[in-house]
Amino acid sequence: MFSDSTVALSWIRGYVKQWKPFVSNRVHEIQDLTNLQNWRFVKGEQNPADIVSRGCSAEELLKNRRLWHGPHWLTLSEENWPKNEKIISGRH
């Protein structure tokens, strides 16, 4: 799984009790349902989810290859994917 938010990734890797209830509840669910080692950072410009949040027409969405197929590097073997940036763990 991917996120373009280093803050969210540090929350996911942190102790849930240190966050306020809103964040804590969501992070707890993510930690229970996913393997934390599978979370990776993706730059915003490579994140297909960002396309719809930036505002574009339906026609542009239909023609956007990255939205429908993901970033080009997903077709490569995992060792050729961009390296994970250093994410500071939220664990103190």
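One table, with the values for the structure above:
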{"item": "Criterion violated by residue 84 - all others in (1) exposed (fewer than 14 other Cβ atoms within 10 Å of the Cβ); (2) assigned to a helix (DSSP H, G or I) satisfied", "result": "(2)"}
{"item": "Filter result for residue 14 (among the small types (Gly, Ala, Ser), outside any helix (DSSP H, G or I) and closer than 26 Å to residue 67 by Cβ)", "result": "no"}
{"item": "Residue ID - nearest to the chain's Cα centre (by Cα), chosen from residues in the stretch 46-62 that are exposed (fewer than 11 other Cβ atoms within 10 Å of the Cβ) and not in a loop (DSSP other than H, G, I, E, B)", "result": "53"}
{"item": "Top-ranked residue in the stretch 1-34 [being β-branched (Val, Ile, Thr) and farther than 23 Å from residue 83 by Cβ; ranked as surrounded by the fewest Cβ atoms within 10 Å (Cβ to Cβ)]", "result": "23"}
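Computed from the coordinates by the stated procedures, all read-outs in this text should not be read as laboratory data. The model shown is predicted, which means the values in this text are computed figures rather than measured ones. Cβ coordinates were reconstructed from backbone atoms using ideal geometry, including for glycine residues, and neighbour counts include every protein chain displayed.
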